[in-house]
1. Excluding residues on the same chain fewer than 8 positions from residue 156, give the lysines whose Cα lies under 24 Å from its Cα.
2. Which is the longest stretch in the chain that no exposed loop site breaks, taking sites as chymotrypsin sites (Phe, Trp or Tyr not before Pro) with a DSSP loop state and at most 15 other Cβ atoms within 10 Å?
3. Could you check how much of the accessible area of segment 318-373 is carbon and sulfur, as a whole percent, using a 1.4 Å probe?
4. Quick one: how many Å² of residue 72 are accessible to a 1.4 Å probe, rounded to 10?
5. Calculate, in nm to one decimal, what residue 160 and residue 281 gain on full extension: separation in residues at 0.36 nm each, minus their alpha carbon distance.
6. Roughly how many percent of the accessible protein surface of segment 21-140 is carbon and sulfur, given a 1.4 Å probe and a whole-percent answer?
7. List the residues, sorted by chain then number, that are 5 or more residues from residue 227 or on another chain and whose placed amide H is less than 5 Å from its amide H.
8. Counting heavy atoms of the protein chains only and a 1.4 Å probe, report the per residue accessible area for the chain as a whole number of Å².
Amino acid sequence: MLLTLLALSWATSQADLDPQLVFERQRIGTTVYEAASAFDVDRDGHIDIVSGAYWHAGPDFQTAHKITDVPMVGDYYDDFSDYPLDVNGDGWIDIVTGGYFSESLRWLENPGAAGGEWTVHHVDKTGAIERCVHYDIDGDGIDEVFPITAPLLAYKLDQAAGGFTKHVLATEGGGGHGIGFGDINGDGYADAVFNGGWMEGPEDPFSGEWVWHPEFDLGGSASVPILVYDVNEDGLSDLIVGGAHNYALDWWEQGMENGQRTWTRHSIDPHRSQYHDLVLADIDNDGELEMITGKRYRAHSGNDPGADDPVGLYYFEINGGEFQRCTLDYGPAGEASGAGIYLWVEDVDGNGWLDIVAPGKDGLYLFKNMGPQ
């Protein structure tokens, strides 16, 4: 189905941008897992889509291949991220994931040319994983895995050992709903951000001391991730935060007064709920990053504020803090797509425009970006 960006009104002075891009929306199978990613699973030169218990073969995604069984608890599948990474160094991309209910970090081994189901390797019993976050804190070009918010644990890839080494970075501070990474204070080192403050990272992130700064309160159910980004281009890192389980989408401006750091909240969208996952990417090829997000359908099994509101998938032009929304899809669940707990942005069809893979309890969708209309 061909879908152009819609210009929908909303109850603020901010309006959607006029349609600029054309997207083709495709429902991928009948799966309703909340995490997905896209990469070349079978090394045939085509990007495939992975979500939960299956991978869907590109370029048409009509054939589903079983990966492994994924336990279901209520209306949740215990698969809260599908991060692609060659864990054992055999040249075949594996998947790193985690479970909220199993409290288990694990990786799924790609069987390679032999095919068949994937071997599940349990890395650690971490505690309930809301969603893994991946960030390169030591600058070696490979992201570490962060499954929970407290204590602050990092799992570093060790391909030689075919797995991960565990590092306890900090036991004080952190916690709550929401986690992100970036350089908050401009010292060139990675810092961690949580709902109730940020943790200053040292030069050596694995042996140095992480210092807790309880400087703000983002509202109780911050998105995963919290984005660290210089929104207003003043040289200071700001925060972009979704209300994962409430109505809210905000950016928090970092400032300095008399040598003290300040944080000022600016509302982006107070009228839509369950912005759980946020991604920065240049979706319109203008050389500037946009923010891709959407409503997570039934994030708390229908018990969140706004749970019965229409779902939607959007990208936002940032414009130095004057955010403007572009709507890709909007409507009742089952007719329109939101964004689950772990969406993915990738040029799936190789046309030079980034596409969006949007999973969720409302279904798995691919939004193919065809460029300007």
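The values are calculated or read from the model by the stated rules, or taken from the named source; none is laboratory data. As the structure is a prediction and not an experimental result, all values here were calculated from the model. All Cβ positions, even for glycine, are placed from backbone atoms using ideal geometry, and neighbour counts span all protein chains on display. Keep in mind that these areas ignore ligands, DNA and RNA; they rest on the heavy atoms of the full protein, side chains included. Shrake-Rupley method; radii C 1.70, N 1.55, O 1.52, S 1.80 Å.
1. Of all the lysines, those that pass the test against residue 156 - Cα under 24 Å, at least 8 places apart if same chain - are 125, 166.
2. 207-373
3. 44
4. 100
5. Here the answer is 40.4 nm.
6. So the carbon and sulfur contribution to the accessible surface is 49 percent.
7. Sorted by chain and number, the residues that satisfy this are 240.
8. 38
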